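**Student:** Provided herewith is a single structure, encoded as structure tokens, for subsequent inquiry.
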């Protein structure tokens, strides 16, 4: 057979073979795609948002509580009209600037304060809408968590869905969402997450706009809360483990983020440099300062801090009971021999060693063990700045401080569970669930329990009184919690809320008697705090003085007002209250003089009337000094007007009362005094005008309380 014949036979055989293969092809089974549909991809984050909104929906009718008062409700900068001038003020002053009851100058969070400024003006100060915004921002955080890990998993949805579900339902986050002030925590984490997502998109699409958005997002987080800066250690690790970027590109992006951090720190330095230096941390704020006290010999800051991290982890795994405060003596300093320190230290050391070990070999990327390591390292990085291990901060323990670190632990746990329990290919939602019943069943049960606990805990955050009275049941020896409770019971907020509740719910309660009993309770609470720790913050002494003042014990009020004034003579509220003590001390002297005058005993009458006038005029310098300290506070102007009214100078009194009413259109006292003063001098038309205005102001105040 010739060569050509063999080639023909070979060609014929190959064609025959190909025809056979072509006929057999349809019999082959096409593999099922593991990529979920676009509907599933967008349905899942939407579902997570709905779950989040539902479990936090009972916060929508909440009021301002805790730090909301000083940073939002009573803060003149926050409440000022939105303007370029006010924005410059926000970005050049400490967070609490604008609230003279708190002169703490170490916090610089202008982005979140600007958000509050905008919300206040858009929502007319309605706290309910602030709470809705907080929940929506929190829900948005969940969306970014989902898509970051969806991208990492190459469009596999199980792990990102479960991570986000556990994070969004976790009860330890109730403080962050239910307390409006803690939008700083939400924006901080949201800034980090948005930056990471934009970095992913930049490295995939190579479009500079995504890198610019990453920078903007990271700056938003940084200017919302200082602890955001720890993300400079997260970016390079994230880029290395979960993207295809080479070392050069990783270095460039990480350096840009480092530059953003330095820019923020420079801005913070210049904004705070003109203010007094931080006062030493008080034991009521952070119990670890007691480690230097000879009475606590053998304890150390390091051991106490590590022990406290262990408490964070315990609360993370078993979130009950939760509290808005965990201060001394609910937490106590410990030493290296303490079992709590030893268990915590060994656990943390083991976690860190495991995380580092599972990063090897460094040449490989994207493994499940790498994701577990990343979650653990995220936890350590996020916890580092608030842990008190390296330096003392203004508090020893706060659930809000575990907001960002908890995400790292949830990452590690879910990746570990999926590594061992996930079965089959990922695809449609219910089919994938049925393939891994143990994994989904376990997570759904935990998320369900978390959701019930979260919903229940939210109720405690509705009012200050509800929050403090509930938490003090579990932590009766937490001195700062007792301080919060005492402050609230003797404050105007309690009286206003009680008056509103009585009218709204038609309660058969005597308002004056209830307020009197609340002040007695306040005194008892403050004395309990002093029994545990023999000192109060200056504001605590001021509020204790106010409680005594409210029950008519002026001498005791003067004693504690003077203690507050001696600790901080620059605080206009303390100065004003000291003047109020002098003013009220004059009343019984004047009344006694008038009694003698009616009896015809003129020598005695003149003595007491003069003594009353002298005491009255002693108050004036304090009121004027308070007004100089804060020229926008209506109470101080009203008090000056009262001095002039009591000394028969109605024109001067009217001037100050009008000034007070102009400074705060919602101030009820000034319009009441204007009605009284005009009526006393026979100007009935003007008096009737202000009498009508009293009703208008009362209506507006009631609407705001709702």
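The values are calculated or read from the model by the stated rules, or taken from the named source; none is laboratory data. Fair warning: this is a prediction, and the values are worked out from it, not measured in the lab. FYI the Cβ positions are ideal-geometry reconstructions off the backbone, even for glycines, and counts take in every protein chain you see.
**Student:** If you check residue 511 against the conditions, is it at pLDDT below 90 and closer than 24 Å to residue 484 by Cβ?
**Tutor:** yes
**Student:** Tell me the helices (runs of 4 or more DSSP H) entirely within the stretch 596-706 that contain at least 2 residues that are touching a helix residue (DSSP H, G or I) at 6+ places or on another chain (Cβ under 8 Å) and surrounded by fewer than 19 Cβ atoms within 10 Å (Cβ to Cβ).
**Tutor:** Counting at least 2 such residues, we get 602-629, 650-663, 668-680, 684-705.
**Student:** While we're on this one: For the stretch 313-329, check the following and say yes or no: at least one residue is modelled with pLDDT under 95, exposed (fewer than 15 other Cβ atoms within 10 Å of the Cβ) and part of a helix (DSSP H, G or I).
**Tutor:** Taking every residue of the stretch 313-329 in turn, none turns out to be modelled with pLDDT under 95, exposed (fewer than 15 other Cβ atoms within 10 Å of the Cβ) and part of a helix (DSSP H, G or I).
**Student:** Taking residue 552 as meeting all but one of (1) in a loop (DSSP other than H, G, I, E, B); (2) free of Cβ contacts under 8 Å to residues at least 60 places away in the same chain; (3) buried (at least 17 other Cβ atoms within 10 Å of the Cβ), write down the number of the exception.
**Tutor:** Every listed condition holds for residue 552 apart from (3).
**Student:** Determine, yes or no, whether residue 423 is over 30 Å from residue 492 (Cβ atoms) and modelled with pLDDT of 90 or more.
**Tutor:** Judged against the criteria, residue 423 is not a match.
**Student:** Scan the stretch 204-232 for residues that are assigned to a loop (DSSP other than H, G, I, E, B) and buried (at least 19 other Cβ atoms within 10 Å of the Cβ) and jot them down.
**Tutor:** Scanning the stretch 204-232 gives 223, 224, 225.
**Student:** Spot the failing condition for residue 267; the list is (1) crowded, with 19+ Cβ neighbours inside 10 Å; (2) within 24 Å of the chain's Cα centre (by Cα), and only one is missed.
**Tutor:** (1)
**Student:** Additional query: Please specify each residue of the stretch 45-63 satisfying the condition of being assigned to a loop (DSSP other than H, G, I, E, B) and buried (at least 22 other Cβ atoms within 10 Å of the Cβ).
**Tutor:** 56, 62, 63
**Student:** Quick check: anything in the stretch 350-371 in a helix (DSSP H, G or I), modelled with pLDDT of 90 or more and within 30 Å of residue 46 (Cα to Cα)?
**Tutor:** Yes: one or more hits.
**Student:** Out of all the residues in the stretch 115-131, which are surrounded by fewer than 19 Cβ atoms within 10 Å (Cβ to Cβ) and in a helix (DSSP H, G or I)?
**Tutor:** 118, 121, 122, 123, 128, 129
**Student:** Let me ask something else about it. Restricting to the stretch 500-547, and then to whatever is touching a residue at least 12 places away in the same chain (Cβ under 8 Å) and outside any helix (DSSP H, G or I), can you tell me which residue is surrounded by the fewest Cβ atoms within 10 Å (Cβ to Cβ)?
**Tutor:** The selected residue is 535.
**Student:** Being touching a helix residue (DSSP H, G or I) at 6+ places or on another chain (Cβ under 6 Å) and not in a loop (DSSP other than H, G, I, E, B) is the filter; apply it to the stretch 332-342 and report the residue that is surrounded by the fewest Cβ atoms within 10 Å (Cβ to Cβ).
**Tutor:** Taking the candidates together, the pick is 340.
A quick yes/no check of all residues on (1) at pLDDT below 95; (2) surrounded by 21 or more Cβ atoms within 10 Å (Cβ to Cβ); (3) at positive phi:
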{"residue": "75", "(1), (2), (3)": "yes, yes, no"}
{"residue": "96", "(1), (2), (3)": "yes, yes, no"}
{"residue": "140", "(1), (2), (3)": "no, no, no"}
{"residue": "173", "(1), (2), (3)": "no, yes, no"}
